[in-house]
């Protein structure tokens with residue numbers, strides 16, 4: 001089935017702009033068939049548009065469309081559409097065909113500028129309440145070394161000096177463990193959870209284990225709403241927001257189907 005789909009896609013850029021006319025069994029192929037194939041291929045392989053000025057490429061695409069029609073003609077002549085094998089294959093692909101049609105119906109209503117603007121304002125509101133953390137850390141491979149560093153900190157050792165001496169993180173080691181500002185989403189969960197328990201100027205008194213090793217983490221500073229200042233203007237992100245809302249609408253539609261027909265694994 002996948003091989004046949006590739007044949008269909010490879011054919012799709014054949015258009016009325018071709019100088020050649022495609023014939024199958026002595027009859028010209030309906031231009032609508034070629035245009036539909038073109039639209040499908042454009043959607044799946046937009047980068048191939050640059051090859052349309054290549055006469056050899058155009059001819060190959062037309063030949064692919066013609067091969068599709070020849071396959072249909074032969075299948076019809078043998079009555080394959082009435083065969084058990086055809087019905088079996090049809091049942092295999094029917095859910096995919098239905099899914100495509102249902103998705104097109106779900107996306108039939110375009111996302112308005114007003115909807116996109118409302119989403120943008122929601123994002124701004126979230127950004128204005130989001131905390132940003134300025135943190136430093138010392139990363140080591142084993143707990144024994146981490147415990148030793150904790151003991152030195154308790155005796156008054158300088159955090160940055162210990163980071164330069166012991167840390168195995170090449171990105172922050174030379175900066176005294178400094179990682180800079182973040183909302184925590186770019187760190188592993190254990191690291192982020194530890195940050196949120198700290199007070200400004202304090203460090204973790206128990207090493208935090210992660211997939212990278214053992215961390216001693218220090219919270220240098222915290223602020224709220226800084227992400228809001230970095231948000232681009234609405235006009236610059238409107239199209240991306242519309243795409244996001246469209247995806248959310250499609251996902252909600254299929255989630256609704258899942259609930260409606262009680263899809264569950266027991």
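Overview of values
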{"quantity": "Over the chain, relative contact order from alpha-carbon pairs under 8 Å, at least 6 apart, %", "calculated": "19"}
{"quantity": "Cα point-scatterer Debye curve for the range 45-181, base-10 log of I(q)/I(0) at q = 0.09, 0.17 Å⁻¹", "calculated": "-0.75, -1.08"}
{"quantity": "Stokes-Einstein diffusion coefficient of the range 131-224, Kirkwood radius over Cα pairs, 10 °C, 1.306 mPa s, in µm²/s", "calculated": "123"}
{"quantity": "Angle in degrees between helix 234-260 and the longest Cα principal axis of the chain, rounded to the nearest 10", "calculated": "70"}
{"quantity": "Exposure proxy order (Cβ contacts within 10 Å, fewest to most) of 241, 101, 217, 138", "calculated": "101, 241, 217, 138"}
{"quantity": "Residue order, fewest to most beta carbons within 10 Å, for 57, 159", "calculated": "57, 159"}
{"quantity": "Ranked 231, 38, criterion: other C-beta atoms within 10 Å, fewest first", "calculated": "231, 38"}
{"quantity": "Rounded tilt (10° steps) of 143-154 against the dominant C-alpha axis of the chain", "calculated": "50"}
{"quantity": "MRE, 222 nm, helices only [DSSP H, n ≥ 4, -39500 (n - 2.57), over the chain, to nearest 500]", "calculated": "-17500 deg cm²/dmol"}
{"quantity": "Once the Cα gyration tensor of the range 197-239 is diagonalised, semi-axes √(5λ) in Å", "calculated": "34, 16, 6"}
{"quantity": "Helix axis angle, 55-77 relative to the chain longest principal axis, alpha carbon, degrees", "calculated": "60"}
{"quantity": "Per-selection Kirkwood Rh - the range 109-172 (Cα, Å, 1 d.p.)", "calculated": "15.6"}
{"quantity": "Spatial extent of the chain: Rg and Dmax, with the Cα atoms as the point set, Å", "calculated": "30.0, 93"}
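Any read-out appearing in this document is the output of simple, stated calculations on the displayed coordinates, not a laboratory observation. Predicted, not measured: the structure shown is a model, and the values here were computed from it. Glycine also receives a Cβ, built like all others from the backbone with ideal geometry; neighbour counts cover every protein chain displayed.
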